[in-house]
Amino acid sequence: YMGTWYQVALYPNRFQAQCARNTTATYRLLADNTLEVVNRCVRADGTADRATGQARPTGVLQGGVLAPATLQVRFAPAWLSWLPWVWGNYWVVQLADDYRYAVISEPARDYLWVLSRKPQLDAADEAVILARLQAQGFDTAKLQRSPQD
């Protein structure tokens with residue numbers, strides 16, 4: 001899962017409203033087994049935007065088994081990490097066997113991101129993702145494409 005992912009679609013949200021195109025997320029495993037998360041995008045005026053955060057495993061149990069695809073992510077300063085509300089849920093709800101795409105959401109389903117290892121999804125992968133999202137109860141009409149140059 002480490003490395004760079006291209007955001008190809010999302011549910012619009014307030015904290016990415018400034019991003020016009022070329023949105024990516026890069027994950028790097030740190031020595032303490034947390035992840036560094038670096039989100040980048042280009043604004044409408046052509047300037048670059050960057051946010052660096054941290055992700056940690058949540059230890060969520062599903063059916064009595066630890067779910068490895070559940071994390072908490074924060075972009076607030078490290079000294080605020082003790083505050084529970086600076087951490088947001090990050091659940092991988094779909095993942096290709098070869099990690100060519102991933103779909104991220106959270107328990108309330110207010111947020112959704114479709115990520116790909118390439119700037120564009122293959123049409124077949126897009127169809128599979130959309131069908132699975134509908135089967136999972138997500139509103140695919142809310143999805144907005146994320147332009148990649």
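All of the numbers you see were taken from the coordinates with simple rules; none came from a lab. Being a predicted model, the structure only gives us computed values, none of them experimental. A quick note on method: Cβ atoms are made from the backbone with ideal geometry, for glycine too, and the neighbour counts reach across all protein chains shown.
If you average the sequence gap of Cα pairs under 8 Å that are 6 or more apart and divide by the length of the chain, what percent do you get for the contact order?
Relative CO of the chain lands at 27 percent.
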Residue 28 versus residue 136: modelled label distance in nm, points set 7 Å from Cα along the beta carbon direction: 2.8 nm
Point-charge dipole on Cβ atoms (K/R +1, D/E -1) for the chain, about Cα centre, debye to 20: 240 debye
Gained length - residue 1 relative to residue 43, 0.36 nm times residue gap less alpha-carbon distance: 12.5 nm
Residues 95, 10 arranged by fewest to most Cβ contacts within 10 Å: 95, 10
MRE, 222 nm, helices only [DSSP H, n ≥ 4, -39500 (n - 2.57), over the chain, to nearest 500]: -3000 deg cm²/dmol
Most positive-pole-ward Cα, 27, 92, 15, against dipole of the chain from beta carbon charges: 15
